[in-house]
Amino acid sequence: MAGLATGAAALAAPRVLAQAPPHVAVVGGGFAGASAARALKRQGADIRVTLVEPKARYTACPFSNAVLAGLRDLDAQYFGYDGMKRDGIDVVAASATAIDAEARRLRLDDGSGLAFDRLILAPGIDLMLDAIPGYGASGAEVMPHAWQAGEQTALLRRQLEAMDDGGLVVIAAPANPFRCPPGPYERASLVAHYLKAHKPRSKLLILDAKDSFSKQRLFEEAWEQLYPGLIEWVSLSFGGRVTEVDAATKTLTTEFGSHQAAVANVIPPQRAGAIAAAAGVADRTGWCPIDSVTFESRLRPGIHVIGDAAIAGAMPKSAFSANAQAKACAAAVATLLAGGQPAAPKLINTCYSLAAPDYGISIAGVYEPREGLLAEVAGAGGVSPLDASADVRASEAAYAEAWFDTITGEVFG
Amino acid sequence: MATTRHRRLMRGGLALLAALWAASPHAAQRAPLPAPAGATACSGCHAPAGNGPVPGLAGRPAAEIADAMAAFRNGERPATVMDRIAKGFSDEEARAIAEWIAAGP
Ligand SMILES: Cc1cc2nc3c(=O)[nH]c(=O)nc-3n(C[C@H](O)[C@H](O)[C@H](O)COP(=O)(O)OP(=O)(O)OC[C@H]3O[C@@H](n4cnc5c(N)ncnc54)[C@H](O)[C@@H]3O)c2cc1C
């Protein structure tokens, strides 16, 4: 806990006297927080950076759907924090339990405290397990969400492997906003890929709490081509919203009836990680309103929120967005600490999905602050073309894999 | 290598920055401040030396990067995503990004 000792010392001795560099605390070592910590250290200004993250290793969600389909090892999703330490970042293995924005101090779950000049909060999401009656923490052990990768991913994979041919797999998808908008549909595709090869009499049902979804026409085109008759999507208007589950019998109830699953993947509604509400930076929606130039909380100055936890306007909750926001936020924080005025950023998102191992599709967008929100730059972005050749789909699948390798290298390598 | 980099920075009118940058103990791994709007997002896909099918940008002259962005934008150069991304940047913005990348490590 060396970081805590220096943090306490920095509080006791005013910075002006000690000539110490400013201190930025980053809470959460996922794609957002780890990118921000690194970017702060690498952009040249003399800033002391502490990364607060309880887990010794990070489990990445992108490509975890390929793990479910048996196309990839869960080990390929693990990343450590040694790269951060090599960069001179103080990595503190603890959870933040409270943040006092006014006193610029945060408390950790071991009871100690940490002083900061600015704080970057990147806690990701909290899954609202109790929002679906009958689900809860015990329901998630039977009908895994696998929406935070790790043991849940392994559990859902084991269930799919153990299922008899002819079983019904149900994916319950949440309403917007949620982490990774194309994620449930990529998951349906790759699970279908597995079923087609190993359990061809099985069916996959998507019960959806919304009437449309990301890259919808592209996914539907791919399902028609690759898995005809295997995947059925039930929209909100046709009774797709799951209102209750019974874990004991793996039954999912909707307004229109009920479905008994052999394997059920329930993806519950989400909100910003719990520390956001504790710090007072989440609003009634459960997410964090931010300034679109600096990512500083609109509710608590001195705290910047990035990644899935933030309300980033038109930007989707993705690892690519989290990384792009982190780098823009780090630049703004460095400028603010130097007494400057941060310039308006431009951000990019590119999200790939696999409909099959050699069939990639993408959505891209360019974003800039407009009327206080991150808005899409008109005329840019959009999705892959419909009716594209197999070569185009294969090259996008290869780009997807290169992207994962590059971004995890930049963030954790 | 370092002198070429400095010359490029000066050409971009960033002489002061170059001096600061050279003075930094870890100059090798740091890009000059401040990055123009959009510039830091590129490395999400483009590793400095490239990765598989995605080309690296390190060491490329600014003009080459700016020309590529223009060709992606007006459809002269076929692409899967760069056409969609390039349309989000004006010529000036793309040139500023290209100069920043070319000046980097
Ligand atoms: C199935 C699936 C597929 C996906 N595929 C893609 C994809 O292909 N491309 C893409 O761009 N995105 C994808 N995503 C989305 C991506 O995973 C998220 O958008 C991304 O992880 C968000 O990063 P984050 O840092 O905000 O949150 P996280 O990655 O969740 O990181 C948050 C971190 O904060 C830590 N933390 C939480 N609370 C505290 C606290 N109180 N104190 C200290 N630390 C704390 C957590 O331990 C965690 O390590 C996918 C997601 C899923 C579920």
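Per the listing A:Leu155, A:Leu160, A:Leu106, A:Leu114, the residue uniquely assigned to a strand (DSSP E or B) and more than 10 Å from the ligand (Cβ to nearest atom) is A:Leu114. Of the helices (runs of 4 or more DSSP H) entirely within segment A:26-89, those holding at least 3 residues that are within 10 Å of the ligand (Cβ to nearest atom) and within 14 Å of another protein chain (Cβ to nearest Cβ) occupy A:31-42. Looking across segment A:388-413, just one residue is more than 8 Å from chain B (Cβ to nearest Cβ), among the charged types (D, E, K, R) and either touching a Ser or Thr at 6+ places or on another chain (Cβ under 9 Å) or assigned to a strand (DSSP E or B) (or both), and that is A:Arg393.
The listed residues are A:Ala137, A:Ala98, A:Ala149, and the only one of them that is surrounded by fewer than 22 Cβ atoms within 10 Å (Cβ to Cβ), outside any loop (DSSP other than H, G, I, E, B) and near the ligand (Cβ under 10 Å from one of its atoms) turns out to be A:Ala98.
Among the conditions (1) in a helix (DSSP H, G or I); (2) in contact with a helix residue (DSSP H, G or I) (Cβ under 8 Å, 6 or more places away or on another chain); (3) within 14 Å of chain B (Cβ to nearest Cβ), the only one that A:Asp308 does not satisfy is (3).
Candidates in segment A:341-366 are the residues that are facing chain B (nearest Cβ under 8 Å) and more than 14 Å from the ligand (Cβ to nearest atom); of these, the one that is farthest from B:Lys87 (Cα to Cα) is A:Ala343.
Taking segment A:329-353 as the range and being in a loop (DSSP other than H, G, I, E, B) and touching a residue at least 60 places away in the same chain (Cβ under 8 Å) as the test, only A:Ala338 passes. Among the residues of segment B:71-102, those identified as away from chain A (no Cβ under 11 Å) and surrounded by fewer than 18 Cβ atoms within 10 Å (Cβ to Cβ) are B:Ala71, B:Asn74, B:Gly75, B:Glu76, B:Arg77, B:Asp91, B:Glu92. Is there a residue being within 16 Å of the ligand (Cβ to nearest atom) and more than 14 Å from chain B (Cβ to nearest Cβ) anywhere in segment A:238-249? Within segment A:238-249, none of the residues are within 16 Å of the ligand (Cβ to nearest atom) and more than 14 Å from chain B (Cβ to nearest Cβ). In the condition set (1) of a type outside the set (S, T, N, Q); (2) facing chain B (nearest Cβ under 7 Å); (3) more than 20 Å from the chain's Cα centre (by Cα), A:Pro385 is compliant with all but (2). Within segment B:25-49, residues that are more than 7 Å from chain A (Cβ to nearest Cβ) and within 17 Å of A:Gly413 (Cα to Cα) have Cβ atoms under 7 Å from residues that are surrounded by fewer than 21 Cβ atoms within 10 Å (Cβ to Cβ) and modelled with pLDDT under 95 in these pairs: B:Ala28/B:Pro105; B:Pro48/B:Ala58; B:Ala49/B:Ala58, counting only partners at least 6 apart in sequence or on another chain.
Looking across segment A:398-413, the residues that are more than 11 Å from A:Cys351 (Cα to Cα) and under 21 Å from the mean Cα position of the chain (by Cα) come down to A:Glu401, A:Ala402, A:Asp405, A:Thr406, A:Ile407, A:Thr408, A:Gly409, A:Glu410, A:Val411, A:Phe412, A:Gly413. Any residue that is without any contact (Cβ under 8 Å) to a residue 24 or more places away in the chain, part of a strand (DSSP E or B) and buried (at least 19 other Cβ atoms within 10 Å of the Cβ) - is there at least one of those in segment A:354-361? No, the conditions are met nowhere in segment A:354-361. Can you name the residue in segment A:367-413 that is of a type in the set (D, E, K, R) and within 14 Å of the ligand (Cβ to nearest atom) and is also surrounded by the fewest Cβ atoms within 10 Å (Cβ to Cβ) among such residues? The residue in question is A:Asp405.
Might you let me know whether segment A:313-322 holds any residue that is within 16 Å of the ligand (Cβ to nearest atom), polar (S, T, N, Q) and not in a strand (DSSP E or B)? The answer is yes, given that some residue of segment A:313-322 is within 16 Å of the ligand (Cβ to nearest atom), polar (S, T, N, Q) and not in a strand (DSSP E or B).
The values are calculated or read from the model by the stated rules, or taken from the named source; none is laboratory data. Bear in mind that the values here come from a model prediction, so they are computed numbers and not experimental data. Quick reminder, even Gly has a Cβ in these numbers, built from the backbone with ideal geometry, and neighbours come from all protein chains shown.
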